[in-house]
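One structure is given here, and the rest of the page talks about it.
The values are calculated or read from the model by the stated rules, or taken from the named source; none is laboratory data. Predicted model, so just to flag it, every value in this text is computed and none were measured. For neighbour counting, all protein chains shown are included, and Cβ atoms are generated from backbone atoms with ideal geometry for every residue, glycine included. Just so you know, the surface numbers come from the protein's heavy atoms only, side chains and all, with ligands and any DNA or RNA stripped out. Shrake-Rupley method; radii C 1.70, N 1.55, O 1.52, S 1.80 Å.
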Amino acid sequence: MNTLKKDINNEHGLWTSFLDGNKVAFATIYTRHVDALYSYGFKICPNTDLVKDSIQDVFIDLFQHREQLSKPSNIKFYLFKVLKHTVFRKLRKERKFGELSEQTLGLFQTEYSIEKKTILNEIERNRSLLIHKTLGQLSSKQREILYLRFTMGFSYTEISEIVTIDHNSVRKQVYRAIKKLRECDHFKNNECILLFYQLY
C-alpha cells in the first residue's frame, strides 16, 4: 500500500501498477482523467451517451489488454488520443460512413456553462458571450487546437498526434488563431485574454 501511495504521485509508477493489474491504480487513473476526457469528448461530438460509452470502452479495453500496452510518457495525452479514435470509430459505425472525418463532422464545440460560473459578475458574463461569438470565427480545427494547448496543456507534438497534422502546422494554427482573436476589440487587453483561457 505504501508503494502504491508513492506511485499515485508518479505517473510512470501509477501506470506500471495498473499494468500489473492493480485495480486501485486503475481506478486512480480513471478518476484523475475522466472529467477532462468527457469535456474533450463532448466538444468533439455533442452526444452525451456516445461520449460516455466511448470513455467506458476506452477503460474497459485498457484493463482487458493491459498486458499488451506500452508505457506512455503522458497518460492524459495517451487517453485523449485513444478517446478521439474511439469516438470516431463509434460514429463511423453508427452513421455507417466509411469515410467519416473531422471535415464530415465539421464542428469542434466550444460551449460555455456561464450559469455555472457564479464568480463572474454581469460584466464578465457579457464579455464571455462576446468571446464565444469571436471563437465562432475560428475554424473547428483552430478551436480544438487552442483547447488542447491552453486548457489541457499538451505540447505541440502531442497535439499533432491527436489532431493528426504536422506539429509545425499546429504552431501555425495557434499563431493564426491568437492573431485573429487579438484583432477583435474585446481581445485588445491581456485581462480579456486571461478570461478566455479560464473559461475555455
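Quick notes
- Within the range 11-33, residues that are in contact (Cβ under 8 Å) with a residue 60 or more places away in the chain sit with their Cβ atoms under 8 Å from residues that are open to solvent by 20 Å² or more (accessible area, probe 1.4 Å), at 6+ positions apart or across chains, in these pairs: E11/N74; L14/D7; L14/I8; L14/T28; W15/K71; W15/P72.
- Residues satisfying the stated conditions in the range 148-187, i.e. part of a helix (DSSP H, G or I), more than 21 Å from Y40 (Cβ to Cβ) and not acidic (D, E): N168, K172, Y175, R176, K179, K180, R182, H186, F187
- Contacts under 6 angstrom Cβ, first residue in the range 133-146 being under 12 Å from V174 (Cα atoms), partner at pLDDT below 85 and small (G, A, S), 6 or more apart: L138/A177; Q142/A177; L146/A177
- Annotation: of all residues in the range 7-18 being buried (at least 17 other Cβ atoms within 10 Å of the Cβ) and not hydroxyl-bearing (S, T, Y), the one that is farthest from the chain's Cα centre (by Cα) is D7.
- Residues of the range 147-164 that are touching a residue at least 24 places away in the same chain (Cβ under 8 Å) and farther than 16 Å from L79 by Cα: F150 alone.
- Odd one out for D49, checked against (1) at pLDDT 85 or above; (2) open to solvent by less than 100 Å² (accessible area, probe 1.4 Å); (3) under 30 Å from S139 (Cα atoms): (2)
To keep it simple, each residue is scored yes or no on (1) under 28 Å from S139 (Cα atoms); (2) open to solvent by less than 50 Å² (accessible area, probe 1.4 Å); (3) modelled with pLDDT of 90 or more.
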| position | (1), (2), (3) |
| --- | --- |
| D57 | no, yes, yes |
| S70 | no, no, no |
| I75 | yes, yes, yes |
| K84 | yes, yes, yes |
| R92 | yes, no, no |
| K96 | yes, no, no |
| E99 | yes, no, no |
| E102 | yes, yes, no |
